[in-house]
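I have placed the structure first, in the form of structure tokens, so that the comments after it can refer back to it.
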Amino acid sequence: MTDTRRPGWAANGGPDFLHRPAHRLWLMDQARGLFDFFQRAAVNPRGGFFSLDDRGRPLPAPDAGGTVRGLHDTARMVHCFAMAHLLGLPGADRMIDHGMAFLRGAHHDARRGGWYWTVNDAGPVDDTKQAYGHAFVLLAASSAKVAGHPDADTLLADVTDVLLRRFWDEAAGATTEEYTADWQPLGSYRGQNSNMHLTEALMAAFEATGERHHLTMAERIAALIINCHARAEGWRVAEHFTADWSVDRAYAGNPMFRPGGTTPGHALEWSRLLVQLWELGGRAHAWLPEAAQALFLHTCDIGWDRARGGFYYTLGWDDRPERTDRYWWPLAEGIAAAGVLRQISDDPRFEGWYRRIWSFVATHVIDRQGGGWWPELDDDLRPVARVFTGKPDLYHAVQACLIPLLPATGSATRGLAGAAGPGIVAG
């Protein structure tokens with residue numbers, strides 16, 4: 001088993017993993033297994049997608065209204081199966097069609113514009129309009145366009161208009177957070193999580209359309225959240241802000257989307273996104289790779305449990321673990337970040353962390369019997385269901401498998417669209 005107390009040793013022992021054909025084949029096998037797991041039973045015949053239990057079966061509906069479908073979940077499935085389609089996996093086009101129809105139909109507020117946060121068979125369950133969900137609609141539309149979906153341009157134009165008119169704060173260079181169904185502001189909270197995912201989506205929109213304003217918006221968000229705030233906090237990513245973008249250290253909300261303290265997984269995710277932003281911008285901003293490397297290495301130093309492995313879910317501002325369960329998605333983001341950083345740096349620590357995180361995932365997180373990845377592990381590294389139920393998400397895990405296979409110059413979708421067949425595997 002990996003010795004988690006010695007973070008340098010795994011960089012030794014021959015060529016980098018990503019130059020080894022067997023490792024690249026292993027990554028592709030893992031990605032295909034994840035796509036198969038979600039494709040088997042996720043399609044809800046009444047629209048959208050089911051959430052899946054531990055065995056990959058639809059979770060039972062809570063009441064007569066049917067399964068509640070979240071906007072981000074629907075949009076992420078479209079994005080993921082756009083990647084599957086670009087890989088040439090049969091049936092992925094059906095998944096994209098199904099998700100796009102639900103985004104255009106049940107999730108969409110045709111009268112007032114925007115997209116509802118959650119819906120069921122009867123209509124909206126939570127009719128608020130949230131920046132986090134709208135960021136993923138932009139990502140889905142952009143990925144669907146790269147995949148050639150006929151409705152992608154309309155969805156892309158619509159969500160771009162809503163984001164600019166309703167959410168974007170030009171003075172701040174970032175997005176506001178949430179509104180009622182008729183677009184009345186809900187509080188003064190500002191969050192980095194929605195802005196981080198909007199950065200990802202804006203870069204995808206730039207790749208899909210070539211329209212520079214998307215990239216400019218992404219650069220402005222990154223400058224505010226990372227170059228201003230995270231740098232000032234010693235490369236800790238502040239999660240919560242007041243209306244004037246002052247850090248709110250006392251805030252603690254929903255443990256899934258707005259936990260208190262700092263979240264190591266988001267710093268890892270930002271480190272990957274900053275490399276992509278640097279490359280897409282023609283390597284014009286030297287602070288981006290500097291920040292990406294500093295975020296990653298500092299987060300691994302304070303967020304990794306050196307005794308048992310895995311990233312703590314949250315830390316206090318004193319860097320002490322607060323929520324100590326290990327979630328799958330920070331591990332996935334750590335893998336993807338280490339993979340892209342290794343492409344732009346000769347520092348062997350990135351190779352070491354790449355191997356170490358994958359070793360932990362392969363040992364404890366991949367469910368080799370039931371399929372998919374366990375979403376949460378307790379301090380004894382046993383699966384638990386405290387925040388997430390079943391196997392809740394394809395997005396993070398499959399990107400951890402695909403992003404390291406592709407050039408760090410853009411998103412996985414863009415990389416797959418330009419991939420030259422078997423070269424993605426052979427390295």
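The values are calculated or read from the model by the stated rules, or taken from the named source; none is laboratory data. Here the structure is a predicted model, which means the values were calculated and not measured. So basically every Cβ, Gly included, is an ideal-geometry build from the backbone, and we count neighbours across all protein chains shown. Please note that ligands, DNA and RNA were not included when accessible areas were found on the heavy atoms of the full protein model with its side chains. Shrake-Rupley method; radii C 1.70, N 1.55, O 1.52, S 1.80 Å.
On each of the three principal axes of the Cα atoms of segment 66-105, give max minus min coordinate, whole Å, ordered largest first.
Extents along the principal axes: 32, 17, 14 Å.
Along the Cα→Cβ direction, 7 angstrom out, place labels at Asn254 and Arg57. What is the inter-label distance in nm?
Rounded to a tenth, the inter-label distance reads 2.8 nm.
For segment 282-418, what does the relative contact order come out to in percent, with C-alpha contacts under 8 Å and a separation of six or more?
With pairs under 8 Å counted, the relative contact order is 20 percent.
For the chain, what does the helix formula give at 222 nm: sum of -39500 (n - 2.57) over DSSP H segments with n ≥ 4, over the residue count, nearest 500 deg cm²/dmol?
Calculated mean residue ellipticity at 222 nm is -14000 deg cm²/dmol.
Evaluate E = 1/(1 + (r/R0)^6) for Arg40 and Asp153, where r is the Cβ-Cβ distance and R0 equals 22 Å; express this FRET efficiency to the nearest 0.05.
0.10
Taking amide hydrogens as modeled 1.01 Å from N in the peptide plane, which residues meet the under 5 Å criterion relative to Val43, leaving out close sequence neighbours?
Placed amide hydrogens put Phe50 under 5 Å from Val43.
Out of [x] 172; [y] 155; [z] 132, which label holds the value of volume of the Cα convex hull per residue in Å³ that was computed here?
Answer label, from the structure shown: [z].
Give me the one-decimal nm value for the distance between modelled label points at Ala122 and Thr363, 7 Å along each residue's Cα-to-Cβ direction.
A separation of 4.9 nm, rounded to one decimal place.
Between Ala64 and Trp183, what is 0.36 nm times their sequence separation minus the Cα-Cα distance? Round to one decimal in nm.
So the extension gain works out to 39.9 nm.
Tell me, what is the percent relative contact order of the chain, built from C-alpha pairs under 8 Å that lie six or more residues apart?
19 percent
Accessible area per residue of the chain at 1.4 Å probe, in Å²?
Heavy-atom accessible area per residue stands at 38 Å².
Consider just the alpha-carbon atoms of segment 275-427 and return their Rg together with their Dmax, both in angstrom.
Reported Rg and Dmax, both Å: 16.2, 48.
What is the set of long-range amide H partners of Thr67 at a cut-off below 5 Å, with H atoms built 1.01 Å from backbone N?
Correct list: Asp121.
How large a share of the accessible area of the chain, in percent, is made up of carbon and sulfur atoms when the probe is 1.4 Å and the other protein chains stay in place?
With neighbouring chains kept in place, the figure for the chain is 50 percent.
Express in nm, to one decimal, how much length is gained between Gln343 and Arg306 on full extension, taking 0.36 nm for each residue of separation and deducting their alpha carbon distance.
Once the chain is fully extended between Gln343 and Arg306, it gains 10.8 nm.
Counting Lys and Arg as +1 and Asp and Glu as -1, what is the net charge of the other residues whose Cβ lies under 12 Å from the Cβ of Thr242?
Neighbour charge sum, excluding Thr242 itself: -1.
Which of the peptides 160-171, 82-93 is most tightly packed, and how do the rest follow, going by the mean number of other Cβ atoms within 10 Å of each residue?
Ranked by mean Cβ neighbours within 10 Å, highest first: 82-93, 160-171.
Assign unit charges at the C-beta atoms only (+1 for Lys and Arg, -1 for Asp and Glu), then state the dipole size of the chain relative to its Cα centre in Debye, rounded to the nearest 20.
800 debye
Per 0.36 nm of contour for each residue apart, how much would the distance between Ala22 and Glu170 grow if the chain were fully extended, relative to their Cα-Cα spacing?
Here the segment from Ala22 to Glu170 would lengthen by 48.5 nm.
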